[in-house]
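Data first, discussion second: the structure below is written as C-alpha cells.
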Ligand SMILES: CC(C)(COP(=O)(O)OP(=O)(O)OC[C@H]1O[C@@H](n2cnc3c(N)ncnc32)[C@H](O)[C@@H]1OP(=O)(O)O)[C@@H](O)C(=O)NCCC(=O)NCCS
C-alpha cells in the first residue's frame, strides 16, 4: 500500500510492535534498543507528510489473525535525499517482515511496490545500506537488481562488535 493517507493508530501500533520485536531479536534496522511507540509515530508522520509531494513512499502489508484481528506483517519506506544536488534520488531506509511471515515472498512484494512508487515519482537512483552480516536482505536486494557500490569496513557499531556497512543502489533510469 502506498498513498497519501497517513497510517491510522492501529497501523502505527502494528508497525511499532513489529519493529520492537525484530530489534529485540537483533535485526539490523538501525536501532540498538527497541524504539518506543512515540518515536515510531513521529517517524511515520514525517514519512507520510512527504508522500503527496513524491518525497516519500511507504508500503504496509497487513494480515488477519485467527480471531479476525489485523496484524502488520511487514512494512518499508523510502525517502527522497535531502541534499539539493541529490534530490532526484531516494533512499530505501527500512524494510521489515514479521519473522512468522518471512520466506514467503512478502519482502519481495513490499520492495517491488516501493520500486514501482519510485518509478512513478521519477526517482532516478534508489539507494540503501545494510549491515554486512544481513545475508537475507542482501540476497533479496540483489535478486531485484540492486548492486553493491561500496563497503565501509567495521562501520556499524553494536556494543563492542563492528560490522561492515554495505552500500547498494538500483538505477531506475535503466527501467524507463
Ligand atoms: C530481509 C527481509 C525483509 C526479507 O523478507 P522475506 O519476506 O523473508 O523475503 P522474501 O520471502 O520475499 O524473499 C525474497 C528473496 O530474498 C532472499 N532471501 C530471503 N530470506 C532469505 C534468507 N533467510 N536467506 C537467504 N536468502 C533469503 C531469497 O533470494 C528470496 O528469493 P527466493 O524466494 O526466490 O529464494 C526479512 O528477512 C526481514 O524482515 N529481516 C529483518 C529486518 C531486516 O533485516 N531488514 C532489512 C534491513 S536492510
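Computed from the coordinates by the stated procedures, all read-outs in this text should not be read as laboratory data. Keep in mind it's a predicted model, so treat the numbers as computed, not measured. Cβ sites come from the backbone with ideal geometry, for glycine too, and all protein chains shown count toward neighbours.
Could you please let me know if residue 159 is away from the ligand (no atom under 13 Å from the Cβ) and within 22 Å of residue 31 (Cβ to Cβ)? Criteria met by residue 159. When the criteria are applied in full, residue 63 fails the requirement of being part of a strand (DSSP E or B) and within 25 Å of residue 138 (Cβ to Cβ). Of all residues in the range 87-111, which are near the ligand (Cβ under 6 Å from one of its atoms) and either touching a helix residue (DSSP H, G or I) at 6+ places or on another chain (Cβ under 7 Å) or over 18 Å from residue 23 (Cβ atoms) (or both)? Residues satisfying the conditions are 95, 96, 97, 103, 104, 105, 106, 107, 108.
In the range 121-135, of all residues being surrounded by 13 or more Cβ atoms within 10 Å (Cβ to Cβ) and within 19 Å of residue 102 (Cβ to Cβ), the one that is nearest to the chain's Cα centre (by Cα) corresponds to 128. For the range 143-152, the candidate set comprises residues that are under 23 Å from residue 102 (Cα atoms) and touching a strand residue (DSSP E or B) at 6+ places or on another chain (Cβ under 8 Å); within that set, the residue that is nearest to the ligand (Cβ to nearest atom) is 144. With respect to (1) more than 15 Å from the ligand (Cβ to nearest atom); (2) in a helix (DSSP H, G or I); (3) under 21 Å from residue 32 (Cβ atoms), the lone exception for residue 137 is condition (1).
Taking (1) free of Cβ contacts under 8 Å to residues at least 12 places away in the same chain; (2) in a loop (DSSP other than H, G, I, E, B); (3) under 20 Å from residue 10 (Cα atoms) in turn, residue 53 satisfies each apart from (3). Scanning the range 104-120 for residues that are farther than 30 Å from residue 65 by Cβ and surrounded by fewer than 19 Cβ atoms within 10 Å (Cβ to Cβ) turns up at least one hit.
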